[in-house]
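Novice: I am attaching a structure below and will ask some questions about it afterwards.
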Amino acid sequence: MFRKLNENDYTKTMDFLGKDPGLNLFQIGDIENYGFDSEIQTVWGSFNENEELTGVLLRYRDNYIPYFKDEELFVSKFREVIQNDERANIISGEAQMVSPFKSCFERYHERDVFL
């Protein structure tokens, strides 16, 4: 299942992202600061058959940040969201998380940043 997340998903989302807090620093901070659905931010989640969160896609303004555990389950859903958003301009994250979405952008410039 793939859907927009809301305040009722807060604990489940933070527990999922908190398993790798260094990698998910921006998602965690953005959710803490702006919640799940504001004009500048939207958060989607992917769930397995046991209703466990397996992926989070966060949009902050024109920037998308994907994080997932099993690429095969929902990359197509994440890709669909990004491709249907005319604001989508940037994708950020770990290289293996970002690579499935490079084709969503007309122009793509890659920059490695180390935290």
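Novice: Checking residue 79 against (1) modelled with pLDDT of 90 or more; (2) in contact with a Cys (Cβ under 7 Å, 6 or more places away or on another chain), which single condition isn't satisfied?
Specialist: Status for residue 79: all satisfied but (1).
Novice: Could you name every one of the strands (runs of 3 or more DSSP E) located completely within region 1-94 that has at least 3 residues being touching a residue at least 40 places away in the same chain (Cβ under 8 Å), touching a strand residue (DSSP E or B) at 6+ places or on another chain (Cβ under 9 Å) and over 25 Å from residue 106 (Cβ atoms)?
Specialist: Per the criteria, 41-47.
The values are calculated or read from the model by the stated rules, or taken from the named source; none is laboratory data. Since the structure is predicted, the reported quantities are computational estimates derived from the model, not experimental observations. Because the Cβ atoms are built from the backbone with ideal geometry, glycine has one as well, and the counts that use them run over all protein chains shown.
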